[in-house]
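Okay, structure first, notes after.
No value in this document is a laboratory result; all are computed from the given coordinates. Just so we're clear, the structure is a prediction, and the values are computed from it rather than from any experiment. Note: ideal-geometry Cβ built from the backbone for every residue, glycine included; neighbour counts use all protein chains shown.
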Amino acid sequence: MTRARNQQVSLEDTPYYHCISRCVRRAFLCGDDPLTGQNFDHRKGWLVQRMKWLASQFAIDVCAYAVMSNHYHLVLGVDVSKARSWSDDEVLARWTKLFPRNAKLIETLRLNSSSKKARDLEAKTLAEWRQRLQDISWFMRCLNERIARVANREDNCTGRFWEGRFKSQALLDEKALVTCMAYVDLNPIRAGVSDSLEASDFTSIQERLIRQAQRVKEPNYRQQRLLKRRNARHLLKSKVPRLRPLSEPGNRAQDPLPIDRGSYVALLDASVRALKYENATGVELLNPLGSHPLLSQLGLKGHGWLQAVTKFHRHYGLAAGSADSLLKYQARRVEAGEAMRSKTKWVRGMAAAKLLYET
């Protein structure tokens, strides 16, 4: 049963959401097309540039992303307080950068500001635009529609580029946020198209490593190679907006994610080694993960971590988080009277939550 988007995105529960869009028929419309032999990797750059630019206009931060050949993942964080702090003129400026023709409406209403009806309509319109600038659905609409138009123009064709509306998944707590970000960042490794974090093109972890390499006075060999990587050229431009930062000593960025940058990168490195070992031998390697500081800090289980970052999409449905978080989420949905086949049927993910998050 298809659910209304307002039943899937609830800022009362969490500001963080995992979003996925797939190309129509899962065709390779963003990578190497095996049928024609054409390469469309440049479209991945379009997606990254567009999502980052939209984040600079919306009250929505990009926390993690991975652009694959036939789909992409995003972890988005909505900043409601940021949208509320904007003046009406700032809302107008941001919205008209997205939709320039809408500026004419406000211009006409202000020419008739002596009329109470015109003033009321202006206030109502700006309030609606403020709400849209913190709406994930509008963010994804502005992203997908633009990419589809440009890609169809390049292919000299019409029709669908994306197979349908995007999928969204609520990340109810910090544990789910870290797990989902790792799942997204490890996508190319898991798919076998990359063998290291530095070579994971068009991912947020590669971008974070590039930003770190740019800050180092004397970059090592791996960092030097990363800064010269061909598929990372779109990130080396100074005008590309940044990701929402991770916390680290000396970081003065406002409102960083509650994840230590060094520990997160080290955890992903250990996960890459464990995944390689498991793929080569068929045996899960626990030692590099079981006692990892970030896992211990968040109360995550090492033996369930690899399962979570490789099959996150199978373990959870509308929401991901600890069993307690899922209980509260389901209770709020029932209280709000959302349409369900059965109010007693449990949300998918309880078994996975106990495996990964419960002591």
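Points to keep in mind about this one:
- A full extension of the chain between residue 110 and residue 81 corresponds to an added length of 7.7 nm, given 0.36 nm per residue minus the alpha carbon distance.
- Estimated FRET transfer efficiency when R0 is 25 angstrom, pair residue 193-residue 150 (beta carbons, to 0.05): 0.60
- Cross-link check: pairs 52/82; 175/311; 44/301; 52/97; 97/217 evaluated at a Cα-Cα cut-off of 25 Å; pairs beyond the cut-off: 44/301; 97/217.
- Among 13, 120, 195, residue whose mean-square fluctuation peaks in a GNM of the chain (springs only between Cα atoms under 10 Å): 120
- For the chain, the residue among 166, 219, 125 whose Cα projects farthest onto the positive side of the dipole built from Cβ charges is 125.
- Taking 79, 260, 155 as the candidate residues, the one with maximal mean-square fluctuation in a Gaussian network model of the chain, Cα springs under 10 Å, is 155.
- Remark: relative contact order (region 184-245) = 24 percent; criterion is Cα-Cα distance under 8 angstrom and separation of 6 or more residues.
- Candidate values (1) 40, 21, 19; (2) 34, 26, 22; (3) 46, 24, 17, label of the one derived for semi-axes √(5λ) of the Cα gyration tensor in Å: (2)
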